[in-house]
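The values are calculated or read from the model by the stated rules, or taken from the named source; none is laboratory data. If you're wondering where the values come from, they're calculated on a predicted model, not measured in any experiment. Using ideal geometry, Cβ is built from the backbone for each residue, glycine included, and neighbour counts are taken over all protein chains shown. These area figures cover heavy atoms from the full protein model, side chains too; ligands, DNA and RNA do not enter into them. Shrake-Rupley method; radii C 1.70, N 1.55, O 1.52, S 1.80 Å.
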Amino acid sequence: MKIANGIYMLEISANIMGTPSVINPTLIWDNDTVILIDTGFPGQLPQIREAIEKAGVSFDKLNMVILTHQDIDHVGSLSSILKELPNGVEVLAHKEERAYIQGEKLPVKVAQLEAHLNSLPIEMKTIYEKMKAFYENNKFCVDKTISDGEELPYCGGITVIYTPGHTPGHICLYLKYCKTLIAGDILQIDGGILIHAPQSTNFDIDLSIISLKKLMQYDIETVICYHGGLYGGNANKCIAELAHGQ
């Protein structure tokens, strides 16, 4: 789905814990740079390639990946992309996520499951085992860390917003020229309504609320949610209400 010139929200079919769903990585490009924001679940390279080509961009021109955070549905197909494009895809993430993505720390979701492993139902133990195996076999090099307030000089300027809570180094990205927020997992859309991520998925609930309040500093007309897709209502008002528990 085209959002603005040079911005396309991909729509990738996924199965999330047995439920058919759609995830929404974002593609941003200009004359010199083609950026994919997040990379889906493992095994989704064919769908991602098809979606990029559908947007009118050659997959072979992809030269940068920005990861909003470490979760398996955001880093899952990164290894396949890097193998497919061996001539150079630069990987960016916040410095607080780097150690998790590079395999130096146990990812937050895996650690949370491991802490309660003995009491987990069978299906959750299976998920834990698959996730742990994935991270043990997929350790990615973060080529560059990005920080809060940094403006990346690509595609008209991309502002990095450090929004911890869902994970320690979660980020959102703001494109000022079209007033669009790429929200990662801090926000979702459910039944057409903009909501914050379920608290059970957050590493730190208090931090997630502080991060929501931080988004109030920006003039946002459109929100791209990784889970739920596009929100084009009164985003500023909705974010303020969520931040203040309304």
Original post:
What is the residue count in the range 12-37 for residues that are assigned to a strand (DSSP E or B) and surrounded by fewer than 16 Cβ atoms within 10 Å (Cβ to Cβ)?
Top reply: 7
**OP:** Can you tell me which residue within the range 66-88, out of those that are assigned to a loop (DSSP other than H, G, I, E, B) and free of Cβ contacts under 8 Å to residues at least 12 places away in the same chain, is most open to solvent (accessible area, probe 1.4 Å)?
**Re:** 87
Original post:
Quick one: would you say residue 198 is without any contact (Cβ under 8 Å) to a residue 12 or more places away in the chain, of a type outside the set (D, E, K, R) and farther than 18 Å from residue 71 by Cβ?
Top reply: no
**OP:** Name the one entry in 154, 226 that is of a type in the set (Phe, Trp, Tyr), under 28 Å from residue 6 (Cα atoms), modelled with pLDDT of 95 or more and open to solvent by less than 60 Å² (accessible area, probe 1.4 Å).
**Re:** 226
**OP:** Filter the range 173-221 down to residues that are in a strand (DSSP E or B), touching a helix residue (DSSP H, G or I) at 6+ places or on another chain (Cβ under 7 Å) and not hydrophobic (A, V, I, L, M, F, W, C), then give me how many there are.
**Re:** 1
Original post:
Is it true that residue 40 is open to solvent by 10 Å² or more (accessible area, probe 1.4 Å) and in a loop (DSSP other than H, G, I, E, B)?
Top reply: no
**OP:** Of the numbered conditions (1) in a strand (DSSP E or B); (2) of a type in the set (Val, Ile, Thr); (3) open to solvent by less than 10 Å² (accessible area, probe 1.4 Å), residue 159 fails exactly one; give the number of that condition.
**Re:** (3)
Original post:
Restricting attention to the range 1-22, does a residue exist that is within 15 Å of residue 173 (Cα to Cα) and either of a type in the set (S, T, N, Q) or within 13 Å of the chain's Cα centre (by Cα) (or both)?
Top reply: yes
Subject >> Cβ pairs under 8 Å, 6+ apart, first in the range 109-135 and surrounded by 14 or more Cβ atoms within 10 Å (Cβ to Cβ), second of a type in the set (Gly, Ala, Ser) >> reply: 134/76; 135/103
